[in-house]
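Below: the structure, in structure tokens.
The values are calculated or read from the model by the stated rules, or taken from the named source; none is laboratory data. None of these values were measured; they are calculated from a predicted model. Every residue, glycine among them, receives a Cβ derived from its backbone with ideal geometry; neighbour counts consider all protein chains shown. Just so you know, the surface numbers come from the protein's heavy atoms only, side chains and all, with ligands and any DNA or RNA stripped out. Shrake-Rupley method; radii C 1.70, N 1.55, O 1.52, S 1.80 Å.
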Amino acid sequence: MINQNRLKNQFLKLVKIDSISKHEANIMGYLVSEFSKLGLRATFDQAGKYFDGEIGNLFVSIPGKVKSAPKLLLNAHVDTVTHSKKIKPIIKRGVIYSDGTTILGADDKAGVVAIMELVRCLKENNIPHGDIHIVLTVAEEIGLHGSKAIDHKKLKADFGFVLDGGRVNGIVNQAPSQDNIVAKIHGRAAHAGTHPEDGISSIKVASSAIAKMKLGRIDFETTANIGLIKGGKATNIVPDLVEIKGEARSHNAKKLKKQMRHMTSELSRACSKAGAKLNVKVSSEYRSFKVGENQEVMQLAKKAAKSIGIQPITKPTGGGSDANIFNASGIPSVIIGLGARNLHTIKENIPIQDLVRGTELLLQIVKEAAQWTVSKKKH
Ligand SMILES: [Zn+2]
């Protein structure tokens, strides 16, 4: 039922259209025309305006004939992390790679093409289904900006499926919360050769604070990182300003709070000891979610997987995704994988068979949903 060649060719076509976060107008233009060939009208919200992006999120609604079926939200993000050269996909022994100089962009164009192929299959084969709401988001990679800007009151769905994962048999039902930290350490500038004692080196203060921080993997459900440090002007000036950016993630809200407190207190201790001034801001990037094994969206996903011979594994992820946002807005959502590996690197690749299997799973989810009656409506 799935047209493997068409799926593969659509994937190759999409990865060649650049769509770095905030620069998604081109690819959206292409998708609008593809949807319109299928008789579907795509609309956009104003999301891009909030973060200086070219365009907003794309919405396509496909009304279904099976009114008893749960309304499904299907999501993938069209943006990719940055890359400097054109993406040139290469197929080697059934696996699609880039030419080794860029990412591939399977994250998350695999999700986008799975949804496109699903729509084509439903239409060609006249498959009965319930209402489907497709949401293709922008600016996911730079902080879930697109999905955060959605007017969630307008989004009516019983279950959400985010096509943005790794292994095809892995259903992700849990993701952490993330907090960000931005700290500015104000020391005092001085001539490094003639009057070093008049200065307070913000670099030294920052490094002593960071050296005392517990970072990396804190425990099985908590991580922390200082990812960026910027400061200083010249070798002969005692640096008066350092800016540090970091994050912590945890599946456990208390642990996250504790980790952020630990990081800020190491900073303030080092600053007060050296007489430097500290400016620190902690903000919540997204909230964690956990979809229980017995929740219907999980049961539906597992049933669909089993019925096409996939033994599903439920697993947590360490990363945030649009699923965090949909769950926070009240739509229980899980993440389905399409086989992409080594994301965000020049080694990113996807086996064609996995892309096909993941798309088959999506199609099966929609078919199973048509037989499903929601026991307790959310809206
Ligand atoms: Zn992604």
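Considering each residue of region 275-286 in turn, at least one proves to be at pLDDT below 95 and either in contact with a Pro (Cβ under 6 Å, 6 or more places away or on another chain) or within 16 Å of the ligand (Cβ to nearest atom) (or both). The number of residues in region 327-354 being within 14 Å of the ligand (Cβ to nearest atom) and outside any strand (DSSP E or B) comes to 8. Across region 69-84, the qualifying residues are those that are away from the ligand (no atom under 16 Å from the Cβ) and surrounded by 12 or more Cβ atoms within 10 Å (Cβ to Cβ), and the one among them that is nearest to N324 (Cα to Cα) is L73. Taken as a whole, the condition of being of a type in the set (V, I, T) and surrounded by fewer than 18 Cβ atoms within 10 Å (Cβ to Cβ) does not apply to V291.
Scan region 183-207 for residues that are open to solvent by 50 Å² or more (accessible area, probe 1.4 Å) and not in a loop (DSSP other than H, G, I, E, B) and report the count. Summing the residues that are open to solvent by 50 Å² or more (accessible area, probe 1.4 Å) and not in a loop (DSSP other than H, G, I, E, B) in region 183-207 gives 10. Criterion applied to A270, A301, A323 was being open to solvent by less than 60 Å² (accessible area, probe 1.4 Å), over 26 Å from D219 (Cβ atoms) and not in a strand (DSSP E or B), and the one residue passing it is A301.
Does N57 qualify as being open to solvent by 20 Å² or more (accessible area, probe 1.4 Å) and more than 19 Å from I350 (Cβ to Cβ)? Taking the combined requirement at face value, the residue does not satisfy it. Applying the set (1) over 26 Å from P63 (Cα atoms); (2) among the β-branched types (V, I, T); (3) loosely packed, with under 15 Cβ neighbours inside 10 Å to T43 leaves exactly one unmet item: (1). Annotation note: Cβ proximity below 9 Å between a residue of region 117-136 that is farther than 23 Å from K154 by Cβ and a residue that is buried (at least 20 other Cβ atoms within 10 Å of the Cβ) and among the hydroxyl-bearing types (S, T, Y) (sequence gap 6+ or interchain) occurs for E117/T359; C121/T359. Scanning region 130-154 for residues that are surrounded by 21 or more Cβ atoms within 10 Å (Cβ to Cβ) and over 20 Å from I55 (Cβ atoms) gives G130, I132.
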